[in-house]
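Structure provided below as structure tokens; questions to follow.
The values are calculated or read from the model by the stated rules, or taken from the named source; none is laboratory data. What you see is a predicted model, and the numbers here were worked out from it, not measured in a lab. Positions of Cβ are generated from backbone atoms using ideal geometry, with glycine treated the same way; all protein chains shown enter the neighbour counts.
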Amino acid sequence: MPTDTPCNDGSPLHGRKLWIPQMSWGGAVAFAAAFRSAGFDADVCPDGDARTLELGSAHTSGEECLPARTTLGNFLKIVEAPSFKPERAAFFMPTADGPCRFGQYAPYVRKILREMGLGDVLVFTPSSRDGYRDIGAHAQELMRNAYRGLVCADVLRKMQHRTRPYELAPGDTDKVHKQAILGVASVLERPAVPQAVRIRQLEDAMRAARDAFRAVKVRYTRRALIGVVGEIACRLTPTMNDDIIRRIEERGGECTLAHVVEWVFYTNTEHQKRLRQQGRRISKAMLVAKVSDYVQHREEHRLSRIFAEDLRGYEEPPVRQVLGYAERYLPASGALGEMTLSVGKTVFHYHQGCDGVADIAPFGCMNGIVTEALYPRVSADCDDMPIRNFFFDGTGTSLGHAIDVFMELARSYQARRRIRRVYPHGLSESTLELTPPPNRLPW
């Protein structure tokens, strides 16, 4: 719901409802709440479904990746609503440099809307290059709230995946996760709250969420731990990846999924690298970049440490460590983006004691193609730990058999794994009963 704080009249968002695409449901809910704290009317785009792909495919050539079709299709689902008014709507569509087609999403969405006679719809693309000028006077406060929301959503998703495979009553964990996200959003959306007060309120919300997760009735067994890496939108959105994490859980696995803020820290690192390359090692821009990175890491630590005992053994590595692991295969000086992070994170998962790694990507994604070519070498260097690319194109092709084979390989590796896992407080590999593989699952 919108807040009572009037937004800056100079912002193009004034008088419009801003729709946030889902790149993880929890992250989108938190992001929308941050916009409401600054007085903007913001909500989350609906879940993707068959109608999403029908609309997205009708306005694309077939060469675009699944996230592009899904994002466009969900925007067009909103357009279909009888009450939709173009002059009162805005679609949040950030952009980025680099080889990924993501940088073309915003101009392409604008083109389609113009061709449909909906040129009055605002495609909102804020940029750090102009200090998020289009957001208005509340820009820095809003972006800090949004970042905190992403951190909270990452940690709560990690707890969801760490708890759900062991729940005794199916659905209990997902209910707790949903309520926890809504609790965080209720803190983020409050207007005119000092930053020091808001982060304390977020800590209270996260403690309440931690206690709710702990109250879920579970029976812990020894499952194969699968690291999940890959293209950020596809890996984080169940409707894009055929809910593969849940399907791995059904087959006796547990997943640890790469965080959203991993990308934030990576872009911080790349920004500082570019400043050094430009001869600006000692400059105001470098000082601002380092202070911003320090503050973000400090706040990430402050919000995540509440779950330190619960997520022992599931800690996210520093980005520089991930890039160091990738150096042997994709040097950061010559390779950019998710392919570097995915390869480095896969090596990290080996050292973490995972039993396999699943790389999730849209069909045709360059990042997935490059990593698929490298993984045989990475696997050989990691005691032949199973690594599998899963590609998705929205056609609903059954992956059940491929997941079954992958999980059988993961269980075989688990039996001979030389690296011992670190478990949360009170659990250990020697005290956990091994989870037997399922007898049969529908493909």
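Can you tell me how many residues within segment 314-347 are at pLDDT 95 or above, in contact with a Cys (Cβ under 7 Å, 6 or more places away or on another chain) and not in a helix (DSSP H, G or I)?
Residues flagged as at pLDDT 95 or above, in contact with a Cys (Cβ under 7 Å, 6 or more places away or on another chain) and not in a helix (DSSP H, G or I) within segment 314-347 amount to 0.
Quick one: which of G344, G356 is closer than 13 Å to V228 by Cα and free of Cβ contacts under 8 Å to residues at least 40 places away in the same chain? Outline the logic, then answer.
Details: G356 fails: free of Cβ contacts under 8 Å to residues at least 40 places away in the same chain.
Every option except G344 fails the conditions.
Looking at segment 137-149, which of its residues are surrounded by fewer than 23 Cβ atoms within 10 Å (Cβ to Cβ) and of a type in the set (A, V, I, L, M, F, W, C)?
Scanning segment 137-149 gives A137, A139, M143, A146.
List the pairs whose first member sits in segment 297-319 and is acidic (D, E), whose second member is loosely packed, with under 15 Cβ neighbours inside 10 Å and assigned to a loop (DSSP other than H, G, I, E, B), and whose Cβ atoms are under 8 Å apart, counting only residues at least 6 apart or on separate chains?
Going by the 8 Å Cβ cut-off, the qualifying pairs are E309/H425; D310/H425.
Also, quick follow-up: Pairs needed: first member in segment 388-412, in the same structural domain as G364 (by TED's automatic domain parsing) and assigned to a loop (DSSP other than H, G, I, E, B); second member anywhere, of a type in the set (S, T, Y) and surrounded by 15 or more Cβ atoms within 10 Å (Cβ to Cβ); C-beta distance under 8 Å; at least 6 residues apart or different chains.
G394/S57; G394/T70
Could I ask something else about it? Counting only residues that are under 21 Å from H425 (Cβ atoms) and of a type in the set (K, R), which one in segment 160-218 is surrounded by the fewest Cβ atoms within 10 Å (Cβ to Cβ)?
The qualifying residue surrounded by the fewest Cβ atoms within 10 Å (Cβ to Cβ) is K217.
Based on what the data block shows, is L156 modelled with pLDDT of 95 or more and either touching a strand residue (DSSP E or B) at 6+ places or on another chain (Cβ under 6 Å) or not in a loop (DSSP other than H, G, I, E, B) (or both)?
yes
Give all pairs with beta carbons closer than 9 Å in which a residue from segment 174-203 that is within 14 Å of L150 (Cα to Cα) meets a residue that is of a type outside the set (A, V, I, L, M, F, W, C) and loosely packed, with under 15 Cβ neighbours inside 10 Å; count only pairs at least 6 apart in sequence or on separate chains.
Every condition considered, the pairs that remain are V187/D204.
Do any helices (runs of 4 or more DSSP H) entirely within segment 19-81 hold 1 or more residues that are among the charged types (D, E, K, R) and in contact (Cβ under 8 Å) with a residue 60 or more places away in the chain, and if so, which?
25-37, 66-80
All but one of (1) charged (D, E, K, R); (2) modelled with pLDDT under 95; (3) more than 23 Å from R235 (Cα to Cα) hold for D393; state the number of the condition that does not hold.
Result: D393 fails condition (3) only.
Quick check on segment 258-290: of everything there that is in a loop (DSSP other than H, G, I, E, B) and among the β-branched types (V, I, T), which residue is surrounded by the fewest Cβ atoms within 10 Å (Cβ to Cβ)?
Kept after step one, since they are in a loop (DSSP other than H, G, I, E, B), are these residues of segment 258-290: 258-260, 278-283.
Filter once more, keeping what is among the β-branched types (V, I, T): 260, 282.
Working: V260: 21, I282: 9.
Among those that are in a loop (DSSP other than H, G, I, E, B) and among the β-branched types (V, I, T), it is I282.
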